[in-house]
Each structure stands twice: as C-alpha cells, then as structure tokens.
C-alpha cells in the first residue's frame, strides 16, 4: 500500500476514526497494529519478522546498556545491537548483489532472488542505530515500554521512507494524550493533499520525460539528455518531498509532528548548503553518527581528515541507497566535491574579489545555478548507473547529431502544458516571495474552502493515477 | 463536548466538500465525454476479431500477438499462398500474453494452426498479464473483453449499455480511470488511442493508407533485464494443451527495429533461449525479423507497408520450412 493508492486513502481515515474513539491508554496499541498491518500489505511476511526482530534487539540492548553503568559489557551490548541491525540490513539488501559478485568471481552458482523487497528496512535500521548510539552515549534514556518503542520503530507514516526520527523527539510525542484540534487537523489534511498534488500532478508527470530519455539513453545525445537529466532532478525532489509531506500530514493527524525533510534544496548556494536542505533527517543522521565521529578520530590530520571523513560518509550514503556502482559513484562524487570545497572555502572570498564578484542577488543566483547543476550531474549516476551514466556524461554536450525534440510531446501535449504552467508559477513564486504569502493567505482566508475545492479538483483532473505502478522512488531503498 | 462538536463540524464540512467535488467531477466527465471515441478504442476491434475467429471454419491459421502483427502482416497474402483462412488476432501488446492466449483458446479446433508472435516485452518484468487497467476491466466485467489504453470511456459505455454491476465499482473507476478521460477531453487531445474499425481489413490487419505518413519518431520501450518464467511456462502449457487437441502451435519472433535489437541483444537472446528450453516449437530466430528504420512505422514493433511486405514474405518462408513445402513461398 503506497501513500498515493486508493487503499491508503481508505486505510488512513479508518485508522483515524478508530484512533479518535479509542481511549488514550490504548492508542499506542491501535497505531502499532495499524503500522504492522500497513507493512503487511507489502505481502512479504519476512519484512514483519525483520521489523519485529530489529525492534526487539534494539529494545533489549537499550535496556541492558542502561542497566550497566559503563565498561566493556555495556560496550558489548552496544556492539551486539549495532551488529545485529547492520547485519540484517546487509543480509536483506545486499545479499543479491553479493551473490552476483561471488558468481562472477568463482564458479559457484548462488541464486538469490532480486525480487526480495526491503521497503522500509534501510530507514528503520538507521533509526535503530541512532537509538542504540544515543542510549550508549547517555544522550537518551532507554524506552522501557516495549509497545511505545515498537511504535517508535514502526509508526506507519514514516515507516517506509522516513523521516528518520530520533527517539527523544518521537517517543514523547507518542505518549502524549491526544485531543482533537481543528487547526491541527486542518493543517494535517492540507499537508496530505499538497503532498498528493506534488506526487500525482508534478512528480509522476515529470517522470514521463525522465523515463523516455533514461530508459533508452543510447538513443539520445545533447539536448534531450540535458532535459532528461533536469527532469529526473525535478522528479526525485517532488517524489520524495511529496512523500514527506504526506507522511507529516498523516503523522499530524494523530497529533505527532514528524520532522521536515526538505527545505527548498534546489535553492542551495553550495553543496554543503544542499545537504542541509535535502533529506534533512538522513543528512543529520550521517553528520551525527558517521561524519562527526570520523572527523573527530582523524582530527590530527587537519583538513585532510575532514576531507577524508566527508568522502567516507558520502560513500556510505551511496551504499546505503544500494550497493550498485551508480549509487557508489553518486555518493563518491558528492563526497569528493564536498571534500574539495573544504580546501576551496578558505580562499572563496579572495577568488570572488579576483573576479570582481560582490555579495548580492546576482552572486547568489550564480551559486544556486552552479550547485543545482552539480547536483543534477550527480543524479545521472543515481538514475542511470555507471555504464549508462558514463554514456550520458560523454554525450550530454554532443550537439552534433540532429536534435529531435519531438520526444517532449511523447507523453502528450497536456502533460507538457500542465508542467510548463506549474513550473512557470513556481519560478514566479521563487522570484516574488510575496506570491507564496498570497497563496498562504488564500488558504487561510475567507475563501479557503474554494481553495481546497480547487486543489482537490486539480488533483483529480490532472493527476496521473496508475495504481501500484507508481511507487515512490525512495520506496526502493 | 466542544472538541466533539469541532470534530463533527469538520467531518460535515469534509463531506460537503467531497459531495461538491464528486458532483463537479461527474458532470465534467459526462459533459466532456465524446462517445465517438468509442469507435477508436480497442474494444469494438476486439469484438470483431472474436466474431471472426468464432465464425471461420477450421482448419485455419490464427496469428496471436500484439500490435507487431496488426501492423506487420499481410494476412490476405498468407491466406492466398496457403489456401487457408487467416485471422490476425493482434491488437496491442499491453493486453498481456495471458489475455492473448486466453482469448483464442475457446475457439481453437482440431487441425488449426496457431502462430504465436508476442512482443519481447511479454517475457520480461510483469507483462504477462498486461497492465492494471486491463485487470480492472476484467474484474469489473467478469471477462477480459475490455481494452486498456484508454479504458474509462469504453468501460463506462459498456457498463451503461450492459447494465452491469456499475454501482460496486463506480468509485474504483472514478479514481483510476476518469481523470485521464477528463484530462483528455478538457484539453482536446487529437491523438487517437487506436485505429477506427474501418482501418482493419477482413482478416484483422491494419491497413495504413497513403495519407498516413510515417511517424518521425519511433517509440521505444524500456526492457526489463529479468526474464519472467511465468510467461514462458504459460506459453508452454498453452502449446502442450493444444497438442493434445491436435492443434499445431508454432512460435515466431516479432518484427523489431534493428537498432533496438543491437542495444538489447543480450536480453533478447536470453528470452529466445528460455523459450527454446521450454520445449516450444520455434520456427524463426530473432534475427529473421529485424528491420531498418526505413521500414518502421511509429514504434520499434510497427512496420510500414514496405516493411510489412518483407516481413510477410519471411513469415511465408518460415511457415513453408516448417510444413515441408506444403505452403509455397511467394515467388
């Protein structure tokens, strides 16, 4: 069951109604059952077992660590918990890849189905790791109620694609008594609807262009590859951001505020800024649990240590997505660019002065443009993998062949018109921030119901509804 | 109490909003729906083909496949050369292999010759059963008599005509199908989903008229790297089942753009190998039916009139080889 499916829009109100009429002390049980039920709809019983086992091990290790003041045994419980979580992830996610590698090297004929789905596993594993680390470092008290802890791990709005929540931020909210709040429910429904709009009207339409090009990259050179690359950059943003909006909307419906995962990432003025705005919960996780410990342990190396920590962190980020070469290259590129920027940054002002660049809107625009294009460039490997990615890189500026742009109309003229309208309005809103304020006023003012009506009609009329074929991109990780 | 009142107020407002949305939506749909489009859907063509296979005496030759045979066979020529009636059951690959085989099965009789020419895409990914709309149509109608490319108008039309179980499914239809139909009507789309009935000849082939220019762009479709063994098993079961009834089943590879073949050669060879290993009688190789862009019409599987002639000749040669010269090839 995905967030853009009809069944989800029947499931969510049903759970909410049951939640509304359930007494506070049993609400955790209802949400926990709903979360496991939601996960069960993926028809992979082993996923439920993995979720339960990860939860149980993390819970037990957390309690054991709290019971031991310090010393080797405490550390042992921590290492056990972390090893179990990482091993689960590796076994489920990377086994097909490792199997293929072994087959290539030797004569062994290991058959591991690629059809294994691991939706959500990467996300709840990271949550488990952060919980264990926080308890180990005494920055969080272990949760003693297994039900609440299990709900923290499995809460369905964030189960499949995050946001990756910290225990100390989510657990207290799960225990808070719920009271219906008109304004809160209204904003929850608006978030849900806006998320759905981003997914079915924008993301799934841009997808058509990215797919036309990237499913057959060798047939194109030059401009079509540029358009396809930009289309994918927009697709992945709107796809993931829409999921986060819908997750936050559903969470808010139950009185739980999940963290914001995106903050206009394509307006970032540097790669470091991009990672502060993109998949914020994941970047924060990487920073706190990987980058900072690495940087600290390599601090004697100075700038080189920081650069190395950045490269390692982003390589892990790539592998976390998938073990295939495209993702590793993607992570490696981000790491390398960021590492290079640590050397460039101290000289930035001098370089700007050398070229006569002054701090202002023009420089910001230029930096945004460059950052967006670097990010889009790295998306090539994320989308196409290594071989096709290299082809795209070699041919993206090859304008020698006849550039046939008729592929733009392949997904249909209306598709083009709708997207053009949307992105033109978004562009205007970026230039004129007051437009966003007017939109906000419209949605809060006297004619708000008319706005809701128009928003729902836009989704129904212009949405792309293809049922189970329309997974969210990050549902694959 | 106040909280409960607030919640009730919100619920009432939401219900009102839903009612207004649903009413507008249905009004828009029925206002904008062009019933003429029905004639451009696959549905009437499918009914015609079913009637054709039902009423043609045996022995006969039946070609089963997707649009590669609709656009790439001269059934009339094959009929004249073989002396047997020929029916082209092809419509679109998106109907799925299961649908294609299931739809002909009840009409096959002793001594019939079934030539299966599916697209390569039927043997990878999850294309055995076509796509969701078809499944929805099958679910609604209790059979598989609905086409899928533009299903909403046809389904509504059919249900209204047949007075079937519309109530139980109206919500599903509305959510899944109507947006597409409304969007198309509102923005006045001119692209035809299929060909009008008049464009099919009496054998079921599409005849491209002189005024239908070759398309500038040849549509290509991604091909998944994983072979769907269920498709191959379904085909093998179909073939062995026919054998027991004294019906000959042959397999032929589809017409394909040469350029596409070169890019996807590995997976196509794997598919060919898997079909061969399943014990299905194959009378051609993938390389027998590869064509230059100059012979293609609008997709990697569709041939123009020139390509169709070349392909039909090759089909006759292959049939001839199989039947030990009992079917003469075109001079």
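The values are calculated or read from the model by the stated rules, or taken from the named source; none is laboratory data. Source: prediction; values computed, not measured. All Cβ positions, glycine included, derive from the backbone under ideal geometry; neighbour counts span all protein chains shown.
Details
- Boolean, residue A:264 is within 14 Å of chain B (Cβ to nearest Cβ) and within 16 Å of the chain's Cα centre (by Cα): no
- Enumeration of residues in the range A:191-223 that are assigned to a helix (DSSP H, G or I), within 30 Å of residue B:258 (Cβ to Cβ), within 11 Å of chain B (Cβ to nearest Cβ) and within 24 Å of the chain's Cα centre (by Cα): A:211, A:212, A:213, A:214
- Flag if residue A:330 is at pLDDT 85 or above, within 15 Å of residue A:229 (Cα to Cα), surrounded by 12 or more Cβ atoms within 10 Å (Cβ to Cβ) and more than 14 Å from chain B (Cβ to nearest Cβ): yes
- Helices (runs of 4 or more DSSP H) lying entirely in the range A:1-98 (those with 3 or more residues that are farther than 30 Å from residue A:181 by Cβ and at pLDDT 90 or above): A:45-67, A:72-89
- Tally, over the range B:224-265, of residues that are within 13 Å of chain A (Cβ to nearest Cβ), out of contact with any strand residue (DSSP E or B) (no Cβ under 9 Å at 6 or more places or on another chain) and over 22 Å from residue B:296 (Cα atoms): 2
- Check on residue A:203, crowded, with 24+ Cβ neighbours inside 10 Å, more than 30 Å from residue A:55 (Cα to Cα) and in the same structural domain as residue A:417 (by TED's automatic domain parsing): yes
- Against the test of being at pLDDT 85 or above, more than 14 Å from chain B (Cβ to nearest Cβ) and over 28 Å from the mean Cα position of the chain (by Cα), the options A:394, A:448 yield a single qualifying residue, A:394.
- Taking (1) surrounded by 15 or more Cβ atoms within 10 Å (Cβ to Cβ); (2) touching a helix residue (DSSP H, G or I) at 6+ places or on another chain (Cβ under 8 Å) in turn, residue B:242 satisfies each apart from (2).
- Residue check, residue B:214 at pLDDT below 85, surrounded by fewer than 20 Cβ atoms within 10 Å (Cβ to Cβ) and either within 10 Å of chain A (Cβ to nearest Cβ) or assigned to a loop (DSSP other than H, G, I, E, B) (or both): yes
Here's the yes/no breakdown for (1) within 10 Å of chain A (Cβ to nearest Cβ); (2) modelled with pLDDT under 90; (3) within 30 Å of residue B:95 (Cα to Cα):
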{"position": "B:1", "(1), (2), (3)": "no, yes, no"}
{"position": "B:10", "(1), (2), (3)": "yes, yes, no"}
{"position": "B:39", "(1), (2), (3)": "no, yes, yes"}
{"position": "B:54", "(1), (2), (3)": "no, yes, yes"}
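- Positions within the range A:156-181 being within 19 Å of the chain's Cα centre (by Cα) and either assigned to a loop (DSSP other than H, G, I, E, B) or within 14 Å of chain B (Cβ to nearest Cβ) (or both), in sequence order: A:160, A:161, A:162, A:163, A:164, A:165, A:166
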